[in-house]
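The values are calculated or read from the model by the stated rules, or taken from the named source; none is laboratory data. Bear in mind the structure is a predicted one, so any value in this text is a computation, not a measurement. All Cβ positions, glycine included, derive from the backbone under ideal geometry; neighbour counts span all protein chains shown.
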Ligand SMILES: [Cu+2]
């Protein structure tokens with residue numbers, strides 16, 4: 001969880017820096033208008049390196065999955081990607097810790113790692129790895145809610161990280177997880193939607 005603490009600290013410092021800047025010049029009125037902390041603005045299809053961090057010695061990867069990050073697909077996207085457009089690759093045997101944030105102000109969302117199947121299921125199915133889902137899975141996290149999952153990627157293969165709220169996954173709300181027997185470090189790559 002350390003990378004998340006660092007990130008939040010960085011946000012706090014930015015906010016603090018803004019407040020200090022205001023106090024030098026335009027005074028309290030401007031300071032009061034200082035924007036509330038906002039996540040970095042991401043365009044659909046853009047990969048933010050901050051989403052992924054890992055500890056090679058501990059063989060642990062931390063990934064920040066953000067439901068409805070952009071308006072793409074009626075917000076039925078993860079991190080601004082739909083239909084498998086983003087792939088998280090992790091080496092076999094590593095522990096995968098996924099922080100899941102629902103950035104959608106309207107709809108509930110969840111996340112679950114499932115075997116790669118076509119068509120994508122219309123609702124929650126048994127997870128591919130023990131513990132690889134958020135709670136509640138079918139009901140979803142409320143807008144701005146947060147949960148996490150942690151599991152060991154103990155077998156190679158292609159998997160989906162998909163939303164278990166009925167209809168969302170089938171509508172395109174899924175990205176990919178690849179557990180690799182040859183990769184030496186985790187990576188995050190964007191690929192054209194629908195391609196494997
Ligand atoms: Cu959803």
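Which ones in the range 143-171 are surrounded by fewer than 22 Cβ atoms within 10 Å (Cβ to Cβ), within 16 Å of the ligand (Cβ to nearest atom) and assigned to a loop (DSSP other than H, G, I, E, B)? Hits for the range 143-171 are 143, 144, 145, 166, 167, 170, 171. If you go through the range 172-196 and keep only what is within 16 Å of the ligand (Cβ to nearest atom) and either more than 17 Å from the chain's Cα centre (by Cα) or outside any loop (DSSP other than H, G, I, E, B) (or both), you end up with 174, 175. Out of 61, 96, 100, I need the residue that is within 15 Å of the chain's Cα centre (by Cα), within 12 Å of the ligand (Cβ to nearest atom) and assigned to a strand (DSSP E or B). Which one? Within the list 61, 96, 100, the selection yields 100.
Matching residues to (1) buried (at least 19 other Cβ atoms within 10 Å of the Cβ); (2) more than 21 Å from residue 134 (Cβ to Cβ); (3) within 16 Å of the ligand (Cβ to nearest atom); (4) at pLDDT 95 or above:
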position: 23; (1), (2), (3), (4): no, yes, no, no
position: 26; (1), (2), (3), (4): no, yes, no, no
position: 32; (1), (2), (3), (4): no, yes, no, no
position: 35; (1), (2), (3), (4): no, yes, no, no
position: 40; (1), (2), (3), (4): no, yes, no, no
position: 56; (1), (2), (3), (4): no, yes, no, yes
position: 82; (1), (2), (3), (4): yes, no, yes, yes
position: 88; (1), (2), (3), (4): yes, no, no, yes
position: 92; (1), (2), (3), (4): no, yes, no, yes
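Across the range 64-80, the number of residues qualifying as more than 13 Å from the ligand (Cβ to nearest atom) and surrounded by fewer than 22 Cβ atoms within 10 Å (Cβ to Cβ) comes to 3.
Scanning the range 122-141 for residues that are in contact (Cβ under 8 Å) with a residue 40 or more places away in the chain, touching a strand residue (DSSP E or B) at 6+ places or on another chain (Cβ under 7 Å) and not in a strand (DSSP E or B) turns up just one, 124. The lone criterion from (1) more than 15 Å from residue 65 (Cα to Cα); (2) in a loop (DSSP other than H, G, I, E, B); (3) in contact (Cβ under 8 Å) with a residue 12 or more places away in the chain left unmet by residue 118 is number (3).
Do the conditions hold for residue 135, that is, is it within 30 Å of residue 56 (Cβ to Cβ) and surrounded by fewer than 18 Cβ atoms within 10 Å (Cβ to Cβ)? Yes: the conditions hold for residue 135.
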